[in-house]
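No value in this document is a laboratory result; all are computed from the given coordinates. Keep in mind that this is a model prediction, so the values were computed, not measured. Methodologically, a virtual Cβ is constructed for each residue, glycine included, from the backbone with ideal geometry; neighbour enumeration extends over all protein chains shown.
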Amino acid sequence: MASSILSDCSSSATSRLLPLRRALLAPPCRFRPATVAAPPRRPLAIAAPQLPLLPRARDMASASAAAAAAAASSTDSDACAKIIDGKLVAKQIREEIAVEIAKMKDAIGVVPGLAVILVGSRKDSQTYVRNKKKACEAVGIKSYEVNLPEDSSEDEVLKHIATFNSDPSVHGILVQLPLPHHMNDENILNAVSIEKDVDGFHPLNIGRLAMQGRDPFFVPCTPKGCMELLHRYGVEIKGKRAVVIGRSNIVGMPAALLLQKANATVSIVHSNTKKPEEITRQADIVIAAVGVANLVRGSWIKPGAAIIDVGINPVDDPESPRGYRLVGDVCYEEASKIAGLITPVPGGVGPMTIAMLLSNTLESAKRIHKFK
């Protein structure tokens, strides 16, 4: 079986989405939603850390085509997997957060604050920032926003970060990526106080996540959202085999660390992995975060597995008014006939990312003000 060349590119339909790439990277796969009951509500453990792409993807069409042929001969015509409804779960979480914020405001007169710094005028980044602001308002979080021109200096950004670091009304700081090319992402992200790093990207947060017996102040939002979906749908993690496809700092690596902390046996499939389909087929849980449309075919899936698809990729579709449609890293049509649970794209992981950002901001405010 041909080996695959994977890129470590994830699209967190969120604060970290890469620009859409209108390229048909693999055979198209139609989305077939099914109606499912809502998952039972489970109180969001906000006060405790949740146990919880980015070079361009190379063309995976040849490797995926062979797998598609095998999957077509071994699957039924109707989808049988239960859909993991990220929109519904995110809505439940936002409602829970709003209740917690109201209690906090009544008890100590404090409202959580989130500051967002946007450099430049990228339309996609402006959209993400606008959505975050709207989400904050809906739950009662006060939002602060700084918009800087594209040609701003790195020192200007660092100055605003320092101001927010020392502002007691700000409990979370988010620097919208990507930054202009003349800026050093690492310098800027490292300048954010670890106690306000609600994105969870500070190296000390990632380091604490990787260590036994340590917990980070914050878990990166998209991996945290993936884990929350697994928990809320009752997926057993302890002792199970899990495969994470992609090893980015934003999704893949922290997702693998979170699964390991939850006592799964974890394998990471990356750009140099031989026969990734054989490794993935052993997994009870798959988190795909590589940024290649329809890479994971039905033949890669173990019957009954839980599939979390982080990818969001545009593929040409003449029938769509936009000329394209969005698909994940997993071929939904094939995988849904074999898996036990699966996230759709869109409507799966994407809504969870902003919900987890709100959760992290509330968690920060409660920690800073010692409110339980």
Distance (nanometres) between label positions extended 7 Å along Cα→Cβ at ARG122 and VAL99
3.7
With charges set only on the Cβ (+1 for Lys and Arg, -1 for Asp and Glu), what does the dipole of the range 245-372 come to about its Cα centre, in debye to the nearest 20?
720
For GLN282, what is the net charge nearby, where nearby means another residue's Cβ is under 9 Å from its Cβ and Lys, Arg count +1, Asp, Glu -1?
+1
For the range 99-187, the count of lysine pairs 8 or more apart or interchain whose alpha-carbon atoms are under 29 Å apart comes to 20
At 0.36 nm per residue, and after removing the present C-alpha to C-alpha distance, how many nm does the segment from GLU150 to ASN249 gain when stretched out fully?
33.1 nm
Distance in nm between label sites at ASN263 and LYS372, each 7 Å beyond Cα in the beta-carbon direction?
2.5
Let me have the relative contact order for the range 111-236, percent, based on Cα pairs under 8 Å that are six or more residues apart.
24
Give me the percent relative contact order of the range 235-372, please, defined on Cα pairs under 8 angstrom at least 6 residues apart.
19
Can you check what the net charge comes to around CYS136, using other residues whose Cβ is under 12 Å from the Cβ of CYS136 (Lys, Arg +1; Asp, Glu -1)?
+4
Using a Förster distance of 51 Å, how high is the FRET efficiency between ASN187 and ALA107, based on the Cβ-Cβ distance and rounded to 0.05?
0.85
With bins 10 Å wide starting at 0, give me the P(r) of the range 198-338 over every alpha carbon pair, in whole percents.
12, 41, 32, 13, 2, 0
How much length, in nm to one decimal, is gained on full extension between ASP317 and ASP215, taken as 0.36 nm per residue of separation minus their Cα-Cα distance?
32.3 nm
Which value, in nm² and rounded to one decimal, describes the direction-averaged projected area of the C-alpha convex hull of the range 213-260?
3.7
Positive-pole candidate from VAL146, ILE268, GLY234, dipole of the range 114-273, charges at beta carbon
GLY234
Straight distance only, please: which aspartates and glutamates reach the Cα of LYS370 with their own Cα at less than 16 Å, same-chain residues fewer than 8 apart left out?
GLU100, ASP106, GLU195
Net charge, PRO168 excluded, C-beta distance under 15 Å - Lys, Arg +1, Asp, Glu -1:
+3
Two-decimal log10 I(q)/I(0) for the range 70-227, as the Debye equation yields it once each C-alpha is a single scatterer, q = 0.11, 0.13 Å⁻¹
-0.56, -0.74
Where a ≥ b ≥ c are the square roots of the eigenvalues of the C-alpha gyration tensor, would you call the range 320-372 rounded, which needs a/c under 1.5, or, failing that, prolate if a/b is larger than b/c, or oblate?
oblate
